[in-house]
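The values are calculated or read from the model by the stated rules, or taken from the named source; none is laboratory data. Because the structure is predicted, anything quoted here is derived from the model rather than measured. Quick reminder, even Gly has a Cβ in these numbers, built from the backbone with ideal geometry, and neighbours come from all protein chains shown. Ligands, DNA and RNA are stripped out before the accessible areas are found, and what is left, the full protein with its side chains, is counted by its heavy atoms. Shrake-Rupley method; radii C 1.70, N 1.55, O 1.52, S 1.80 Å.
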Amino acid sequence: MQEWEEDFLALFPHRYDYIWAEPPDLNAKVNWKTESRHSLSDRLIQQGSYLYGVRFGAETSYCLLDIDIGSLYHPKQDPFAIDRLAAALEPLELVHYVACTSSYSGGLHLYFPFQQAQSSWQLAIAVSTLLENAGFKLKPGQLEVFPDPKPYSVSGKPSLFNAHRLPLQIGSYLLNQDFQSIWS
């Protein structure tokens, strides 16, 4: 494995309760399944036979905004929405992001990395609160935050953070500042 691959995969350390799916036909819905029997290995990801996604553990070194192609906040509908999203997160010093397509659908994933690991739950609450206070509506198909502010579990069993698809798999491309594909 090349060093850059090791560094890239190390960005996603929580590999338990991961999701996987067979690559769908173009424009078909992905049929995600959760695997809880073992953790996701680098080898499985590198084989590329399936699509994979990960959840968040207790701590994280990034947050992710998911903007679907039909979202009011996608650059095709609002060319300034992403700048407004980033401005809303400035109090957390989350101003720089890495953008990529989420899949062939043309949706976007904006990764906001940071130097020191943070509590996933506290980050989820802070990011969600700042975005909602700035007038953004958080809901599937429009704008989703990862890690998500996971719901309280009355059963006593802790709930899992929502999983997100790993970047740069089939249909996912790194984007430049104009949201044009530059690498996969």
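Failed condition for Leu94, given (1) more than 27 Å from Ala28 (Cβ to Cβ); (2) more than 16 Å from the chain's Cα centre (by Cα), with all others met?
Unmet condition: (2).
Does at least one position in the range 50-61 carry a residue that is modelled with pLDDT of 95 or more, β-branched (Val, Ile, Thr) and in contact with a Ser or Thr (Cβ under 6 Å, 6 or more places away or on another chain)?
The answer is yes, given that some residue of the range 50-61 is modelled with pLDDT of 95 or more, β-branched (Val, Ile, Thr) and in contact with a Ser or Thr (Cβ under 6 Å, 6 or more places away or on another chain).
Confirm whether Phe136 is more than 14 Å from the chain's Cα centre (by Cα), open to solvent by less than 30 Å² (accessible area, probe 1.4 Å) and among the aromatic types (Phe, Trp, Tyr). So that I can check it myself, show each step before the final result.
On the way: more than 14 Å from the chain's Cα centre (by Cα): yes; open to solvent by less than 30 Å² (accessible area, probe 1.4 Å): yes; among the aromatic types (Phe, Trp, Tyr): yes.
Spelling it out, Phe136 is indeed more than 14 Å from the chain's Cα centre (by Cα), open to solvent by less than 30 Å² (accessible area, probe 1.4 Å) and among the aromatic types (Phe, Trp, Tyr).
Take the residues of the range 121-158 that are among the polar types (S, T, N, Q) and touching a residue at least 12 places away in the same chain (Cβ under 8 Å): which is farthest from Leu11 (Cα to Cα)? Spell out how you get there, then give the answer.
Going through the range 121-158, the residues among the polar types (S, T, N, Q) turn out to be 122, 128-129, 133, 142, 153, 155.
Those left that are additionally touching a residue at least 12 places away in the same chain (Cβ under 8 Å): 128, 133, 142.
Numbers: Ser128: 22, Asn133: 29, Gln142: 25 Å.
Top of the filtered list is Asn133.
Report, by residue number, each residue of the range 150-184 that is open to solvent by 30 Å² or more (accessible area, probe 1.4 Å), farther than 24 Å from Ser39 by Cβ, of a type outside the set (Ser, Thr, Tyr) and in contact with a Leu (Cβ under 9 Å, 6 or more places away or on another chain).
Result: Leu174, Phe179, Ile182, Trp183.
Which one of these does Pro91 not meet: (1) within 17 Å of Pro167 (Cα to Cα); (2) out of contact with any strand residue (DSSP E or B) (no Cβ under 8 Å at 6 or more places or on another chain)?
Checking Pro91 against (1) within 17 Å of Pro167 (Cα to Cα); (2) out of contact with any strand residue (DSSP E or B) (no Cβ under 8 Å at 6 or more places or on another chain), the one that fails is (1).
Please work out if Ile69 is under 18 Å from the mean Cα position of the chain (by Cα), of a type in the set (Val, Ile, Thr) and within 30 Å of Pro24 (Cα to Cα). Let's see the steps before the verdict.
Numbers: under 18 Å from the mean Cα position of the chain (by Cα): yes; of a type in the set (Val, Ile, Thr): yes; within 30 Å of Pro24 (Cα to Cα): yes.
Yes.
Taking the conditions exactly as written (at pLDDT 95 or above, buried (at least 17 other Cβ atoms within 10 Å of the Cβ) and in contact with a Ser or Thr (Cβ under 7 Å, 6 or more places away or on another chain)), does Val127 satisfy them or not? Walk me through how you get there before you give the answer.
Numbers: at pLDDT 95 or above: yes; buried (at least 17 other Cβ atoms within 10 Å of the Cβ): yes; in contact with a Ser or Thr (Cβ under 7 Å, 6 or more places away or on another chain): no.
No, not satisfied.
Given the range 1-100, what helices (runs of 4 or more DSSP H) lie entirely inside it while holding 3 or more residues that are over 27 Å from Lys139 (Cβ atoms) and either open to solvent by 60 Å² or more (accessible area, probe 1.4 Å) or among the hydroxyl-bearing types (Ser, Thr, Tyr) (or both)? Talk me through it step by step, then tell me what you get.
Numbers: elements: 3-10, 42-47, 81-88.
Here the list reads 3-10, 42-47.
Pairs only if they're at least six apart or on different chains, beta carbon under 7 angstrom, first in the range 2-28 and without any contact (Cβ under 8 Å) to a residue 12 or more places away in the chain, second open to solvent by less than 90 Å² (accessible area, probe 1.4 Å) and not basic (Lys, Arg); list them, first residue then second.
Pro24/Val30
Can you find, within the range 109-120, the residue that is farthest from the chain's Cα centre (by Cα) among those that are open to solvent by 30 Å² or more (accessible area, probe 1.4 Å) and in contact (Cβ under 8 Å) with a residue 60 or more places away in the chain?
First pass over the range 109-120, keeping only residues open to solvent by 30 Å² or more (accessible area, probe 1.4 Å): 113-119.
Next, only the ones that are in contact (Cβ under 8 Å) with a residue 60 or more places away in the chain stay: 113, 119.
Working: Pro113: 11, Ser119: 16 Å.
Restricting to residues being open to solvent by 30 Å² or more (accessible area, probe 1.4 Å) and in contact (Cβ under 8 Å) with a residue 60 or more places away in the chain, the top hit is Ser119.
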